[in-house]
Amino acid sequence: MSFDFEARFFQRMLAARPSPARRVLVVGCGDGSEVAHIASATGATTVGLDLGVDARAKRPGVQLLRADARRLPFRDGAFDALYCYHVLEHVPGPQRAVAESRRVLGACGVGFFGTPNKSRLAGYLGGRATTWEKVTWNLADWGKRLGGRWSNERGAHAGFTGRELAGLLSSAFARVESVSLPYYVAKYPKLGALVRASFRLGLAGFLMPSVYVRATVEDAASGHR
């Protein structure tokens, strides 16, 4: 599987920093493939962690750890940037994971967070699964919706609405901004006009399968942390 686009987009998100990120943390790194792509795109020393990661699967410039997102084994301000993609919906008590993410980011730290869009009509679009898997998963999601089980707490891959994710992150970060529009325009450049129209008309909240947010430790305009 390739994570080239996600890694390159994350590098774009780091433009909010006044200097290059030298240490990056990837929370919920899976098998570590994504970590390697991010390390290559950013040129930073990159650490990935997950509950089930194989710490022996090392790559140049990459370190993998087995750890809980709610109890990060790092000192305060240890990282310049953090990447957390489709993780928070799986974490019981995600507020603690967000607080820990903020804690390990230093001054001018930047976090990129993405989750499934809870209001989506269909999910997994543009993903790496097969068509049959996507159809099966969407049918399962709608079964949970109709059965009143459409929540992360009940085991559904529900995610958060854009407003919910922004509210969750605002409890810890000085500045939180949606980057869903630039994400989808960059990912689907041939559909850029349609993507922009969907956001302008308020349809993106139902059409886009995921939501993406950039959160910064310090608001550059006010100096507030």
Item checked: Simple spin-label estimate for LYS187 and LEU51 in nanometres, 7 Å along Cα-Cβ -> 2.4 nm
Item checked: Cα convex hull volume per residue for region 84-124 (Å³) -> 79 Å³
Checklist line | Net charge dipole size for the chain [Lys, Arg +1 and Asp, Glu -1 on Cβ; Debye, nearest 20] | finding: 180 debye
Notebook entry, point to check: Quick one: of the DSSP bridges fully inside region 61-173, what percent are antiparallel, nearest 5?
Noted result: 10 percent
Notebook entry, point to check: What residues have an amide H closer than 5 Å to that of SER210, excluding those fewer than 5 places away on the same chain, when H is modeled at 1.01 Å from N in the peptide plane?
Noted result: ASN117
Next item on the list: For the chain, evaluate the Debye formula with one uniform point scatterer on each Cα (no solvent term) and list log10 I(q)/I(0) at q = 0.15, 0.17 Å⁻¹, rounded to two decimals.
Entry: -1.03, -1.33
Next item on the list: Obtain the radius of gyration and the Kirkwood radius of region 127-166 from its C-alpha atoms and give Rg over Rh.
Entry: 1.04
Check: Quick one: what do you get for region 5-45 if you divide its Cα Rg by 2.2 N^0.38 Å?
Finding: 1.09
Margin query: Give me the Å³ per residue figure for the convex hull around the C-alpha atoms of region 98-159.
Written below: 116 Å³
Check: When only C-alpha pairs under 8 Å and at least 6 residues apart count, what is the relative contact order of region 147-225, in percent?
Finding: 35 percent
Checklist line | Kirkwood hydrodynamic radius of region 61-107, Cα pairs, Å | finding: 11.3 Å
Margin query: Checking the cross-link filter: which aspartates and glutamates have an alpha carbon closer than 20 Å to that of LYS190, excluding same-chain neighbours under 8 positions apart?
Written below: ASP4, GLU6
Checklist line | Probe 1.4 Å, protein heavy atoms only - accessible area per residue of region 1-123 in square angstrom | finding: 43 Å²
Notebook entry, point to check: At what distance in nm do the modelled label points of GLN95 and LEU194 sit from each other, each positioned 7 Å from its Cα along Cα→Cβ?
Noted result: 4.0 nm
Checklist line | Apportionment of accessible area to carbon and sulfur, the chain, percent (1.4 Å) | finding: 56 percent
Item checked: 22 Å tail of the calculated P(r), region 41-140, as % of Cα pairs -> 42 percent
Notebook entry, point to check: How much mean residue ellipticity at 222 nm does the chain get from its helices, if each DSSP H run of length 4 or more adds -39500 (n - 2.57) and you divide by all residues, to the nearest 500 deg cm²/dmol?
Noted result: -9500 deg cm²/dmol
Margin query: With both bridge residues required to lie in the chain, what share of the DSSP beta bridges run antiparallel, to the nearest 5%?
Written below: 40 percent
Checklist line | Pairwise Cα inverse-distance average, inverted: Kirkwood Rh of region 91-225 (Å) | finding: 16.2 Å
Checklist line | Per-residue HN-Hα couplings for region 80-95 [Karplus 6.51, -1.76, 1.60; θ = phi - 60°; Hz; x = Gly/Pro] | finding: 8, 8, 9, 10, 9, 10, 6, 10, 4, 5, 9, 9, x, x, x, 4
Next item on the list: Using a 10 angstrom cutoff on alpha carbons, build the Gaussian network for the chain and name the most mobile of LEU51, LEU72, LEU201.
Entry: LEU201
Item checked: region 150-225 - Debye-derived log10 I(q)/I(0), Cα point model, q = 0.17 Å⁻¹ -> -0.77
Notebook entry, point to check: So which aspartates and glutamates can LYS144 reach, going by Cα to Cα under 14 Å and dropping same-chain residues fewer than 8 places off?
Noted result: GLU153
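The values are calculated or read from the model by the stated rules, or taken from the named source; none is laboratory data. Keep in mind it's a predicted model, so treat the numbers as computed, not measured. Ideal geometry is used to build each Cβ from the backbone, glycine not excepted, and the neighbour counts take in all protein chains shown. Accessible surface areas use protein heavy atoms only, side chains included; no ligands, DNA or RNA. Shrake-Rupley method; radii C 1.70, N 1.55, O 1.52, S 1.80 Å.
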